[in-house]
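Contents: one structure, followed by commentary.
All of the numbers you see were taken from the coordinates with simple rules; none came from a lab. Bear in mind that the values here come from a model prediction, so they are computed numbers and not experimental data. Cβ placement follows ideal geometry from the backbone for every residue including glycine, while neighbour counts extend to all protein chains displayed.
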Amino acid sequence: MRESMLSWMTISSFADAGAMLPAVAIIAIGLIMGHSWRAVLWWCLLFFVSMTLVLITKIAFVGWGLGIRTLDFTGFSGHAARATAVAPVLCFLLLQKARPVVQSLGVLLGILFGVVVAISRLALHAHSVSEAVAGFALGAAVSLSFIWIIGSSHKFVFSPLMATVCLAGLLIAPVTEPTPTQRWIVEISLYISGHDRPYVRDGWQLAPYNWRGHGGERPA
């Protein structure tokens with residue numbers, strides 16, 4: 001059981017913010033070096049919007065207890081969203097000179113990576129099914145939209161060296177300390193909401209539907 005959990009933790013670590021955000025930056029830098037300005041703008045915009053949605057849903061729950069109880073939804077899975085947004089795009093760019101069928105298989109491999117990461121979040125009890133699925137769907141919307149937007153133009157250039165550096169960075173993810181994003185989210189949420197204690201899933205699920213944390217005790 002312990003070995004299984006460690007395996008899922010290793011898989012999940014590949015989608016940690018500390019591993020994915022440098023990959024996002026390297027993709028942008030690679031496109032800039034190739035003078036693919038349109039691609040850079042779309043990539044940064046799509047990824048920024050998706051991560052903003054993840055952050056908003058998490059802050060809304062932690063700070064105010066806002067979510068969808070019937071779906072056990074307290075916010076998008078950031079790990080699933082990042083993995084599915086970045087991996088297919090990286091594969092697509094890395095295989096830009098390959099045959100279309102090979103490039104498509106690479107994108108599919110990236111999508112499957114996002115699926116595995118989403119499953120790892122469920123195995124670690126970090127998210128509910130709805131949150132993992134929503135995160136995966138959000139990430140897939142980013143990657144597939146980006147690929148669709150620039151895929152037919154053939155005006156982008158991405159250095160294989162940049163892709164190699166990006167992949168090398170991901171390989172060291174399991175041995176690095178996880179980025180404390182959840183702690184940061186809690187601190188930001190409490191600061192914005194003015195509450196002294198965060199909402200948590202267990203107390204939220206058991207609370208009446210009109211409970212908003214004002215009056216009575218909030219869960220620790």
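Miscellaneous remarks
- Of the peptides 4-11, 35-42, the order by per-residue mean of other Cβ atoms within 10 Å, starting with the highest, comes out as 35-42, 4-11.
- Counting every other Cβ atom within 10 Å of each residue's Cβ, VAL101, VAL62, VAL107 order from fewest to most as VAL101, VAL107, VAL62.
- Between HIS35 and THR10, the contour length at 0.36 nm per residue exceeds the alpha carbon distance by 5.5 nm.
- Inter-label distance, LEU112 to ALA98: 1.2 nm, where each label sits 7 Å from its Cα along the C-beta direction.
- Label zone of SER145 (point 7 Å out along Cα→Cβ, amide N under 16 Å): in region 54-78 this covers 54-57, 76.
- Cβ-based net charge around ALA83, under 12 Å, with every Lys or Arg adding one and every Asp or Glu removing one: +1
- 11 Å beta-carbon shell around GLY18, net charge (K/R +1, D/E -1): -1
- For region 90-100, putting each phi into the Karplus relation 6.51 cos²θ - 1.76 cosθ + 1.60 with θ = phi - 60° gives couplings of 4, 5, 4, 6, 5, 9, 4, 9, 7, 4, x Hz, in residue order, rounded to whole numbers and with x for Gly and Pro.
- Interchain or long-range residues, amide H under 5 Å from PHE73's placed H: ILE68
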